[in-house]
Structure formats: structure tokens, C-alpha cells
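Below is one structure, written out as C-alpha cells; the observations come after it.
The values are calculated or read from the model by the stated rules, or taken from the named source; none is laboratory data. This is a predicted model, so every value here is computed, not measured. Cβ coordinates were reconstructed from backbone atoms using ideal geometry, including for glycine residues, and neighbour counts include every protein chain displayed. Surface accessibility is based on the protein's heavy atoms, side chains included, excluding ligands, DNA and RNA. Shrake-Rupley method; radii C 1.70, N 1.55, O 1.52, S 1.80 Å.
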Amino acid sequence: MVGLSEEQVEQFQRDGFLIVRGCASLEETKRLRDVAWKYASELEGSEVFTTNDQSRKTGDKFMDSAYGIASFLEEEALDESGNLTRPLKDSVNKIGHALHELDPDVRRFTGRCGDIATSLGLKEPAVVQSMFIFKQPRIGGEVRAHRDSTFLWTDPPSCMAYWIALEDTTTENGCLYAVPGSHHDPVELRFAVTETGQKPAISGQPLRKYDEASWASLPMNEGDLILIHGAVLHRSAANRSQRTRLAYTFHIIESKDCLWSPQNWLQRSPESPFPSIFDLADGT
Ligand SMILES: O=C(O)CCC(=O)C(=O)O
């Protein structure tokens, strides 16, 4: 995948996000969809993932998924007794968080995206997490307004998301929305572990409120990529349509002269550091 033009870099710096049309080929999106649905059918998903009230559920499975491939369920896929109301694969909210290391197809695709990070000035971009986000028909949960740096803090801040539409996304099936320029605001909230052995929790100041007119809807076609600055405010609505809205997303940080917060939920041992995006390209 080629890097960005000067104009695209300027647009990213101005808005805090940038859509790059047709980045993934239809062959690649199909392969990634097949991988995602394979995991959705095979992996048992025992924990629900929701962003309601900004308190992400963080059971043991969520914490362990930093090194593995785990499946998390849609809140609305369960009845009052906690039983699935539909087939397992149609109940999955997301799968993460080390797909980019463990799955050869995901690894190869992720590794193709390194030149874009270089265009944006990253010296040694490392991939810290990856996810398939399903946004299932009718029950796909909303993702509340947030800034990704809240969850993936570095000093200085450097986190950035790649989000690839594996299917067309519209305002009906839960496309992304963002506030252009909001990356110039401070990151008010931190999702951090403050005491050893404790689960991470959100703390900080309330998010700055923007009126609805400030939010841009960002419909995308299959194969389009959006780059999202770690401080830009973004969200997505629930999917009440009959159509799926599958996406592949991963986050990078600068690993040169940049500190990964020891309070982030996602931690790696010195023997198993976050991989350079460029080391993933051969898929092995
Ligand atoms: O896929 C979505 O709907 C939202 C994903 C998102 O905002 C995130 O992972 O930070």
C-alpha cells in the first residue's frame, strides 16, 4: 500500500481523520471477512463487550486477550438469564486483540499498511492491538463518543487507528461519526490501572460536548480505510438494520523515544514487545 500524498497528510492534520478510498482490494476484504466469520463460528464468547456509560467491561478474558484471539458478545444477544438468543456467530460483538500477530492473513494485511504511518511522521510504528468489529444486524451495539488515546496512552501521545470497512457502511448500519478538529482538544479521560492487581477504570474530566451539527457522518465503501488520530472524538450508532457492518481495525503507536504507559490495560512483557508494523508484512 502506498503512502499518503502531501494533501492527504494536511487533511489528516486538519481534521484528525482521513478516509483513503479503495485501500484494500475486494479480494483482501473477502479474505478478512472469511477469517472474521471463521473465528466468530469457532470461538466461544463468554463476555459481553459494551461501551455504555464509558465503562468498558473488563473481565479476565478481556485482559488476557492482549496476547490472544478472543471473542466478545453483543449485549443484546443475551436474554435476562444470560443465555444466547441466536446462533453464536450472530452474537459476536468483536474479536481481538492480537489478530495481527497470530493470524497469517490479518498479519500480512496489517503489514501492508506501514508506509501510511511513515507518511504521517511515525519513525518506528508498532501495532498494539487489532480487532474485527461486527456490529451485527438489529442488535449491533453503539460505540459511545470517545478518544482512542484514553485507552492507549503514550507520552508523548502517538496512538492512531486504522479502520477498514470490510462491507459498505452507512448511517443505517452503524457507520462511524467524528468531530473534525477535535484532536486539538485535550484527552480528558484515561482508562488506567492505578493500583497493582486492580482492573483498569475510567477517570478524568467529562468529555467536551459538541452539538450534533459538529459531527460528520463517515459512510464508507468496502475496502475504504479511515485513519483516526488518537485524540479525535468519534463514535458509531447501534445497527438496527438487517445488514451486517463488519470492520477490521488496528491501532499503532510510535515506539521510538515514546513511553507506553505502564497504566494502560494492554501490557506486554519485555520478551514479547509490540511488533513493528513492517515486521508483519510477510505474514509469518
Ligand atoms: O467500529 C466501530 O463502530 C467503532 C470502533 C471504535 O471507535 C474504536 O474501536 O475505537
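Specify whether the C-alpha gyration tensor of the stretch 99-239 places it in the rounded, prolate or oblate class, a ≥ b ≥ c being the square roots of the eigenvalues: rounded for a/c under 1.5, otherwise prolate if a/b is larger than b/c and oblate if not.
Taking the square roots of the gyration eigenvalues as a ≥ b ≥ c, the stretch 99-239 is rounded.
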* Structure fact -> Regression test value, accessible area per residue of the stretch 6-280, probe 1.4 Å, units Å², expected 44 Å²
* Roughly how much of ASP115 is accessible, in Å² to the nearest 10, using a 1.4 Å probe? -> 80 Å²
* Structure fact -> On the accessible surface of the stretch 6-280, probed at 1.4 Å with all protein chains in place, carbon and sulfur together account for a percent value of 49 percent
* Asked: For ALA117, what charge total do you get from the other residues with a beta carbon under 11 Å from its beta carbon, if Lys and Arg give +1 and Asp and Glu give -1?
  -> -2
* Cleavage-rule hits, trypsin sites (Lys or Arg not before Pro), the stretch 115-192, DSSP coil, Cβ neighbours within 10 Å at most 13 -> LYS123
* Asked: Across bins of 10 angstrom width beginning at 0, how are the C-alpha pair distances of the chain distributed, in whole percent?
  -> 7, 30, 40, 21, 2, 0
* To do: Subtracting the Cα-Cα distance from 0.36 nm times the residue separation, let me have the gained length for ALA281 to ARG21 in nm, one decimal.
  => 91.5 nm
* Counting alpha carbon pairs within less than 8 Å and at least 6 residues apart, what relative contact order, in whole percent, applies to the stretch 180-269? -> 40 percent
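State whether the stretch 175-278 is rounded, prolate or oblate according to the following rule on the C-alpha gyration tensor (a ≥ b ≥ c being the square roots of its eigenvalues): a/c under 1.5 gives rounded; otherwise a/b larger than b/c gives prolate, and the remaining case gives oblate.
In terms of gyration-tensor shape, prolate.
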* Roll a 1.4 Å probe over the protein heavy atoms and report the accessible area of SER149 in Å², nearest 10. => 10 Å²
* State which entries of LYS199/LYS256; LYS61/LYS94; LYS94/LYS209; LYS94/LYS256; LYS30/LYS61; LYS30/LYS123 exceed 20 angstrom in Cα-Cα distance in the structure shown. => LYS199/LYS256; LYS94/LYS209; LYS94/LYS256; LYS30/LYS61; LYS30/LYS123
